[in-house]
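J.: Following this message is one structure expressed as structure tokens.
The values are calculated or read from the model by the stated rules, or taken from the named source; none is laboratory data. Only a predicted model underlies this, so the values are computations on that prediction, with no experimental measurement involved. Cβ atoms come from the backbone with ideal geometry, glycine included; neighbour counts cover every protein chain shown. The protein model used for the area step is the full one, side chains on, heavy atoms only, and it has no ligands, DNA or RNA in it. Shrake-Rupley method; radii C 1.70, N 1.55, O 1.52, S 1.80 Å.
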Amino acid sequence: MSDMAQMRDNLATFCDFRPLGERERAAVRRAQGAMDELDQIPCTNCRYCTKVCPTGIPIPSVFDACNSLTVYGDREFSRKDYEFATRDAGAKASDCVGCGSCEAACPQGLPIIELLERAAATFE
Ligand code: SF4
Ligand code: SF4
């Protein structure tokens, strides 16, 4: 919050706060279950990998495009996302030299090299 108006707005939101009921919580659990069934890459966008990548591949953005394809199935949309991110960074998934620095830095233990190979096969 950066001013009084924003603070008042936020306070008003929670003045009449009512927690979710059982039916609503059940709906949230169903939605979580449906999302869990999708095979998304569990990248948290912490960007530790990009700090150590010698080729400057925008790894989390590449994974965003992969996940968007998994969730929405719109290949053209996801390919544009991929192209935008890699053009901006000046490096694409197939530029990976397999040094492994990113995998050593990734707190999620993701098999980044293999995932980038898949992304290159999908989008390039
Ligand atoms: S393995 Fe590939 S993506 Fe990972 S740091 Fe090395 S060049 Fe970058
Ligand atoms: S270090 Fe791992 S979790 Fe973090 S942005 Fe890179 S790939 Fe994603």
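J.: Among the helices (runs of 4 or more DSSP H) contained in the stretch 53-118, which hold 2 or more residues that are in contact with a strand residue (DSSP E or B) (Cβ under 6 Å, 6 or more places away or on another chain)?
T.: Per the criteria, no element qualifies.
J.: What is the residue count in the stretch 1-35 for residues that are β-branched (Val, Ile, Thr) and surrounded by fewer than 10 Cβ atoms within 10 Å (Cβ to Cβ)?
T.: Residues meeting the conditions: 1.
J.: Considering only residues that are open to solvent by 60 Å² or more (accessible area, probe 1.4 Å) and without any contact (Cβ under 8 Å) to a residue 24 or more places away in the chain, look in the stretch 36-69 and name the one that is nearest to ARG118 (Cα to Cα).
T.: If we take residues in the stretch 36-69 being open to solvent by 60 Å² or more (accessible area, probe 1.4 Å) and without any contact (Cβ under 8 Å) to a residue 24 or more places away in the chain, then ASP64 is nearest to ARG118 (Cα to Cα).
J.: A further question on this structure: Quick one: would you say ASP81 is within 17 Å of ALA119 (Cβ to Cβ) and of a type outside the set (A, V, I, L, M, F, W, C)?
T.: Against the criterion (within 17 Å of ALA119 (Cβ to Cβ) and of a type outside the set (A, V, I, L, M, F, W, C)), ASP81 qualifies.
J.: Look at the stretch 10-52 and say how many of its residues are of a type outside the set (Ser, Thr, Tyr), closer than 30 Å to THR122 by Cβ and part of a helix (DSSP H, G or I).
T.: Matching residues across the stretch 10-52 total 11.
J.: Could you list all residues from the stretch 28-61 that are under 13 Å from the mean Cα position of the chain (by Cα), at negative phi and within 14 Å of ligand 1 (Cβ to nearest atom)?
T.: ILE41, CYS43, PRO58, ILE59, PRO60, SER61
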